[in-house]
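Have a look at the structure below, then the notes.
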Amino acid sequence: MATAWRRNPLSSINTRCWKKFNLEYQDYLIRALTTEDSYEIQIFDVQSCLTWEESLSGLSLANKVKLYNPNIEAPLTKITETLSQSLAEQESNTQYFLSNVDGEMRFTLRTSLSGLPFEWKFVLHRNINVALVPGLLAMVSELQRRNQELIKSIKKRDKEILDYRGIYGPPSRKHLETSPFDENTFLNEMIISKEFEHSVSGSISSFVSSDCQTLYRDVELIREWLSKPPEEQAIAMEDDATSGSWANRLPGSLIPSTTSPVRKSPLIAAKDVSPAKDIELQRRAELNKRLTEADDKKKAKKKKRLI
């Protein structure tokens with residue numbers, strides 16, 4: 001399960017990233033999935049929280065090409081590629097128009113294809129089955145889990161720092177010193193921070209950022225995986241274990257090198273050591289020396305008392 005759910009990440013429009021488009025002075029979220037002879041597009045109205053959708057393929061798509069662009073002769077792959085590029089981001093060299101007519105959303109784009117004017121009109125209908133809320137709730141749950149894991153990690157690091165200070169003393173430079181982490185203080189500081197207002201007012205921009213969209217995609221992938229019957233999950237996991245897919249391989253940075261490391265001469269190695277590191281090592285050596293001398297003195301005193 002740890003890797004099987006990540007197979008075919010772009011097989012469904014639900015796992016595609018949302019992009020922010022400003023149309024008619026209003027923000028919309030748009031995502032699309034195209035193949036060689038089909039497309040599927042969804043538009044989320046941020047103000048009304050309604051989702052609109054259109055999907056087209058094969059002969060229907062070919063007929064629409066002749067209707068809107070009779071002077072263009074191009075394979076469907078070129079048509080869907082042009083649509084995909086125009087919907088990937090809001091491009092400055094493409095015109096976008098949006099309107100609502102008779103309960104339908106009309107979304108028009110005008111660009112160029114092989115030097116010729118190209119126009120496409122999407123006719124979208126409201127889809128009540130598509131909603132951002134389940135995915136967003138799952139994102140909140142996952143972010144909360146990660147937040148708690150980070151807090152645990154910070155508290156463990158504080159204990160480690162405290163142990164180092166007990167042995168080696170405070171940092172040699174004052175600006176490197178930190179206070180122990182307090183969760184309640186941190187939360188209160190975040191609430192009264194000016195960035196809190198900016199974060200809320202810019203929530204749409206934050207949601208369409210690459211980090212959030214990566215998490216949203218993974219959340220939708222795992223939701224699709226969990227919705228599958230146990231039999232399908234078992235088959236997918238078995239296939240994943242035997243296929244040798246990318247998920248079972250180490251990244252290049254973690255693959256051990258087959259060549260032996262180049263050894264540096266003592267003179268070159270000495271040059272690579274920074275002055276700050278030299279000072280820190282010297283300070284620690286002197287501290288260890290003083291601690292050893294103090295222990296020797298204590299032992300000497302104990303021997304005199306015994307005598």
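Filtering region 76-87 down to residues that are touching a residue at least 12 places away in the same chain (Cβ under 8 Å) and open to solvent by 60 Å² or more (accessible area, probe 1.4 Å), which residue is nearest to L109 (Cα to Cα)?
Initially, region 76-87 is screened for residues touching a residue at least 12 places away in the same chain (Cβ under 8 Å), giving 76-84, 86-87.
If we keep only those that are open to solvent by 60 Å² or more (accessible area, probe 1.4 Å) as well, we get 77-78, 81.
Values: T77: 18, K78: 16, E81: 14 Å.
Checked region 76-87; the qualifying residue nearest to L109 (Cα to Cα) is E81.
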For N63, indicate whether it is open to solvent by 40 Å² or more (accessible area, probe 1.4 Å), outside any loop (DSSP other than H, G, I, E, B), of a type outside the set (D, E) and touching a residue at least 40 places away in the same chain (Cβ under 8 Å).
-> no
Residue satisfying condition, being within 14 Å of R16 (Cβ to Cβ) and under 28 Å from the mean Cα position of the chain (by Cα), within set E91, E53, E81 = E53
Please verify whether region 176-183 includes one or more residues that are part of a helix (DSSP H, G or I), touching a helix residue (DSSP H, G or I) at 6+ places or on another chain (Cβ under 8 Å) and not polar (S, T, N, Q).
-> yes
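From the list E73, E54, E91, pick out the single residue that is in a loop (DSSP other than H, G, I, E, B) and open to solvent by less than 80 Å² (accessible area, probe 1.4 Å).
Details: E73 fails: open to solvent by less than 80 Å² (accessible area, probe 1.4 Å); E54 fails: in a loop (DSSP other than H, G, I, E, B).
On inspection, the qualifying residue turns out to be E91.
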Can you name the residue in region 131-154 that is over 18 Å from the mean Cα position of the chain (by Cα) and at pLDDT below 90 and, of all such residues, is most open to solvent (accessible area, probe 1.4 Å)?
-> V133
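The values are calculated or read from the model by the stated rules, or taken from the named source; none is laboratory data. Since the model is a prediction, treat every value here as computed from it, not as a measurement. Note that we place each Cβ from the backbone using ideal geometry, even for glycine, and neighbour counts take in every protein chain shown. Surface areas here come from the heavy atoms of the whole protein model, side chains and all, with no ligands, DNA or RNA. Shrake-Rupley method; radii C 1.70, N 1.55, O 1.52, S 1.80 Å.
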